[in-house]
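Worksheet: one structure, shown below.
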Amino acid sequence: MIDEKLDRRQAAPSLTAFGVTQLRRLGALRASGLIWVLVIMCAVAALVSDAFLNPFNLINVLRQVALFGIVSVGMTFVILTAGIDLSVGSIVAVVAVTAAMLLDAAVPIPLVIVAGLAIGSAMGAANGAGITLGGIPPFIMTLGTMVMGRGLAMTISDGHPIHFRAVADQFAWLGQGHLLGLPVPVWVFAVVASLAAGILRLTAFGRNIYAVGSNPEAARLAGIDVKRTIFMVYLISGFLSGLTALIFISRLTVGEPVAGTGLELEAIAITVIGGTSLFGGEGRISGTILGAAIVAVLANILNLFGVSPFTQQIVKGAIIVAAVLFEIIRRRKASAP
């Protein structure tokens with residue numbers, strides 16, 4: 001299977017050969033299809049449930065889009081290099097309990113924020129170091145970090161939620177506040193997504209990510225520091241996981257050692273649904289935004305109809321399989337003579 005994947009990578013055209021223009025046209029075509037899927041889902045939901053268009057419900061959907069979307073932006077960077085990050089949910093848990101303990105100890109809020117982002121970045125950097133320096137496959141490395149991180153969160157908190165004292169309005173505003181009628185996390189997601197799209201579209205680092213995901217050997221021969229590029233995408237993923245954890249505890253005022261459970265599957269589903277190829281080298285942040293919206297609307301519809309969380313997991317798993325199967329079929333047709 002590994003050989004098959006390597007063959008596919010070697011057979012895959014480089015970013016230069018395939019053409020930036022063609023990639024953008026393909027991305028635009030996918031984005032238009034996702035927009036129609038989202039519109040149809042919203043129309044059906046509005047027809048079958050009066051509660052869907054309730055402003056309170058729509059605000060909740062937007063907030064969910066933001067929380068899922070921030071982590072998924074980091075996952076998009078990782079998957080564009082043909083990697084995977086299974087540890088994002090555990091990173092959220094470690095940062096959540098640690099930040100909650102610091103807040104309970106009356107540590108100044110700026111230091112708590114810096115510490116949370118630093119812990120998330122450090123765990124992401126550990127993933128990157130293990131993969132680039134240790135040669136550990138991304139799946140195995142991040143699986144190990146996922147298990148260790150969850151255990152670390154349980155150890156730090158002794159398995160119990162950590163409630164912290166009332167904090168200043170500035171920190172509560174991060175997860176509970178509104179700006180121009182929209183929840184603050186939505187604005188945070190907008191900033192994160194805009195920066196990420198700019199990095200991928202306008203910077204040499206962004207072009208390196210596509211090149212590494214398309215063909216790492218060709219990228220190396222072209223003078224790109226492949227290891228540094230891969231290290232950086234895992235660091236970014238860890239940083240954004242830490243940011244998500246801070247928003248979580250700001251909104252819930254508690255640090256849960258089980259926070260972020262299953263978040264890695266949500267992020268992978270969103271990224272794949274958004275059109276980012278699990279084989280690397282193809283994908284856009286705009287697709288990830290639409291993927292987050294589709295998953296959030298789907299989850300909201302299932303909740304409105306009282307579908308159990310267990311059944312929702314089945315639906316999401318089926319969507320991931322279907323999206324990957326679609327990608328495999330598309331690639332086979334594209335490579336067919």
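The values are calculated or read from the model by the stated rules, or taken from the named source; none is laboratory data. Since the model is a prediction, treat every value here as computed from it, not as a measurement. Neighbour counts run over all protein chains shown; Cβ positions are idealised from the backbone, glycine included. The area values use the complete protein model at the heavy-atom level, side chains included, leaving out ligands, DNA and RNA. Shrake-Rupley method; radii C 1.70, N 1.55, O 1.52, S 1.80 Å.
Magnitude of the charge dipole for the chain, about its Cα centre and with charges confined to Cβ atoms of Lys, Arg (+1) and Asp, Glu (-1), is about 960 debye. Values of log10 I(q)/I(0) for segment 143-203 across q = 0.19, 0.28, 0.30 Å⁻¹ run -0.90, -0.98, -1.06, by the Debye formula with one identical scatterer at each alpha carbon and no solvent. Charges were assigned to the Cβ only: +1 to each Lys and Arg, -1 to each Asp and Glu. The resulting dipole of segment 249-337 about its Cα centre is roughly 360 debye. Please name which of L103, T142, W36 has its Cα lying farthest along the dipole of the chain towards the positive end, using unit charges on Cβ (Lys, Arg +1; Asp, Glu -1) and the Cα centre as origin. About the Cα centre, the residue reaching furthest to the positive side is W36. Pairwise inverse Cα distances across the chain, averaged and inverted, put the Kirkwood hydrodynamic radius at 20.5 Å. Just to verify a number: FRET efficiency for A105 and L47, C-beta to C-beta distance, R0 = 51 Å, to 0.05? Approximately 0.50, to the nearest 0.05. Spacing of the modelled spin labels on A322 and L180, each 7 Å from Cα toward Cβ, amounts to 3.5 nm. Springs between Cα atoms under 10 Å define the GNM used for the chain, and in it the highest mean-square fluctuation of F171, F52, F310 occurs at F310. Between K227 and L302, the distance separating the two model label sites (each 7 Å from Cα on the Cα→Cβ line) works out to 4.1 nm.
Among P183, I230, L278, whose Cα projects farthest towards the positive end of the dipole of segment 162-298, with charges put on the beta-carbon of Lys, Arg (+1) and Asp, Glu (-1)? The listed residue farthest towards the positive side: I230. Put +1 on the Cβ of every Lys and Arg and -1 on every Asp and Glu Cβ in the chain; which of S194, Q64, L117 then has its Cα farthest towards the positive end of the dipole? Farthest towards the positive pole: S194.
Efficiency by 1/(1 + (r/R0)^6): what FRET value for I40 and A172, r their Cβ-Cβ distance, R0 = 45 Å, to the nearest 0.05?
0.75
For Q312 and V254, the FRET efficiency from 1/(1 + (r/R0)^6), where r spans their Cβ atoms and R0 equals 25 Å, is about 0.60. Heavy-atom accessible area for H163, with the other protein chains in place and a 1.4 Å probe, reaches approximately 130 Å². Solvent-accessible surface of the chain, averaged per residue with a 1.4 angstrom probe and all protein chains in place: 47 square angstrom.
With contacts taken as Cα pairs under 8 Å at a separation of at least 6 residues, segment 202-287 carries a relative contact order of 33 percent.
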